[in-house]
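Data block below; observations after.
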Amino acid sequence: MTPGLTVLLLSLLLGLQPITTDLYLPALPSLTDGFGASMAQAQLTLTALLLAFGLSQLIWGPLSDRFGRRPILLIGMSAYVLASIASTLSPTMNMLIVWRTLQGAAMGAGVMCARAIVRDLYAPAQGARVMSKGLSGLGLIACLSPPLGGLLSDLFSWRISLLTLAIFGAVSLGLVALRFEETLPKKNLQALQGGTLLRTWLMILRNPTFVAFSALSTASYGGLFTFLASSSFVFIKVLGLSKTQYGLLVFSMAFAYLLGTFLCRHLLNRFDVRRTVAIAGVLSLSGGSLVGLLALLGWQSAWTIMPPFYLFMLGHGIQMPCSQSGVVGPFPQSAGAASALNGFLMMLAVFLIGNWLGTHMDGSIFPLVYGIWFWSAMVALIAWTLVQRQGRRVAS
């Protein structure tokens, strides 16, 4: 495969996550009202999907190490398309939760394999640069998803938004089937043996580089997920924005992330991974702290939340390529398992965040604000301590 094709495939596979979570966000309040469901049930359409996404990677990862990336991608993407169609036709909120859960499990195959493919093809330092290009593609998809979802919801209904996911999945499946060539250099014939799998996971969890970068990716995504899971209710129901206006705000947030991925490549050309992550920690903490302080001062509007949150998203756009490459860097023979374990830990965290938000959304902006502030502080703490002690291993 050419480098351009590789980046395109990475963009589509990594982009499964933002388009699956972001496209229907503008329609989430009206979807909830239409089914007569509670806010906690509405949160489950997102958190159950993400928990299944995380858990499924623990299965997809070893399977891909044993049989290769290509067959797992073909199976996973086919299941994603079918689950997307079923979600569109769901007659009740409970059925929608079920199909979104299956959709999340299928999505895990695509995203996990994308991270493993980077380790198959590139050494860790170069992998961070390639990952930043793939995540730039993800950022573009994330930019387009919310305004498109808001427009589709205003013009048609939330069902059309979910049908769009089936179309995206079908295009990605077609590209994998027609153009993707196996990247795993040597299949691990023992990858699925219980004892081998347990030893592999323990080896990964004991690796300090994995711990540092997995903690960083989890904290950074925790801040983003806090925004994604609560912002539609805050901006539409509390602050009075229309669904289209909200979609444009989320577009601007995703654009800041996209800029962050470009900034990541610029910084990596000048500094090593360790220094790059430390600089991004300044952006993350500054943005999250400004969001919290302005809210405490009584300035509560979209224009006091979004500009400082752009700083957090710039940092997120730097942290994620470095951390996603960092977690698989030490494991060339078990990249699938390492990618899967990192994905599981991230999604376990966001499942807990989603459940907390579902019970603490109180008609104010403060659950969103405090969540972002907390995670920005955690990002900075991890970037300035754990990563600084272990980053030299990735650079080497």
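May I ask you to list the residues in the range 80-98 that are farther than 17 Å from Gln17 by Cβ and buried (at least 20 other Cβ atoms within 10 Å of the Cβ)?
Within the range 80-98, Leu96, Ile97 qualify.
Here are Gly150, Gly174, Gly169: which of them is closer than 21 Å to Ala116 by Cα and crowded, with 20+ Cβ neighbours inside 10 Å?
Going through Gly150, Gly174, Gly169 in turn, just one is closer than 21 Å to Ala116 by Cα and crowded, with 20+ Cβ neighbours inside 10 Å: Gly169.
Any residue at all in the range 107-122 that is surrounded by fewer than 24 Cβ atoms within 10 Å (Cβ to Cβ), of a type in the set (Ser, Thr, Tyr) and assigned to a helix (DSSP H, G or I)?
No, because not a single residue in the range 107-122 is surrounded by fewer than 24 Cβ atoms within 10 Å (Cβ to Cβ), of a type in the set (Ser, Thr, Tyr) and assigned to a helix (DSSP H, G or I).
Report, by residue number, each residue of the range 192-205 that is over 26 Å from the mean Cα position of the chain (by Cα) and surrounded by 14 or more Cβ atoms within 10 Å (Cβ to Cβ).
Result: Leu192, Gln193, Thr196.
(1) over 19 Å from Leu224 (Cα atoms); (2) buried (at least 24 other Cβ atoms within 10 Å of the Cβ): which one isn't true of Leu49, the others all being true?
(1)
Residue by residue, here is whether (1) surrounded by fewer than 24 Cβ atoms within 10 Å (Cβ to Cβ); (2) in contact (Cβ under 8 Å) with a residue 60 or more places away in the chain holds:
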position	(1), (2)
Leu216	no, yes
Leu239	yes, yes
Leu258	yes, yes
Leu283	no, no
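On the given criteria, is Ser289 surrounded by fewer than 24 Cβ atoms within 10 Å (Cβ to Cβ), in a helix (DSSP H, G or I) and among the small types (Gly, Ala, Ser)?
So Ser289 passes the test.
Please enumerate the residues belonging to the range 177-191 that are modelled with pLDDT under 90 and either touching a His at 6+ places or on another chain (Cβ under 9 Å) or surrounded by fewer than 16 Cβ atoms within 10 Å (Cβ to Cβ) (or both).
Once the filter is applied, which keeps residues that are modelled with pLDDT under 90 and either touching a His at 6+ places or on another chain (Cβ under 9 Å) or surrounded by fewer than 16 Cβ atoms within 10 Å (Cβ to Cβ) (or both), the range 177-191 yields Pro185, Lys186, Lys187, Leu189, Gln190.
Can you tell me which residue in the range 236-295 is nearest to Gln17 (Cα to Cα), limited to those that are of a type in the set (Ser, Thr, Tyr) and modelled with pLDDT under 85?
Tyr246
If we scan the range 371-386, do we find a residue that is of a type outside the set (A, V, I, L, M), closer than 22 Å to Leu138 by Cα and in a helix (DSSP H, G or I)?
Checking the range 371-386: at least one residue is of a type outside the set (A, V, I, L, M), closer than 22 Å to Leu138 by Cα and in a helix (DSSP H, G or I).
Take Met320 and decide whether it is at pLDDT 85 or above, under 19 Å from the mean Cα position of the chain (by Cα) and assigned to a helix (DSSP H, G or I).
yes
Inside the range 323-351, can you point out the residues that are buried (at least 24 other Cβ atoms within 10 Å of the Cβ), out of contact with any Leu (no Cβ under 9 Å at 6 or more places or on another chain) and either polar (S, T, N, Q) or outside any helix (DSSP H, G or I) (or both)?
The answer is Ser325, Gly329, Ser334, Ser339, Asn342.
The values are calculated or read from the model by the stated rules, or taken from the named source; none is laboratory data. Only a predicted model underlies this, so the values are computations on that prediction, with no experimental measurement involved. Virtual Cβ from ideal backbone geometry, glycine too; neighbours counted across all protein chains shown.
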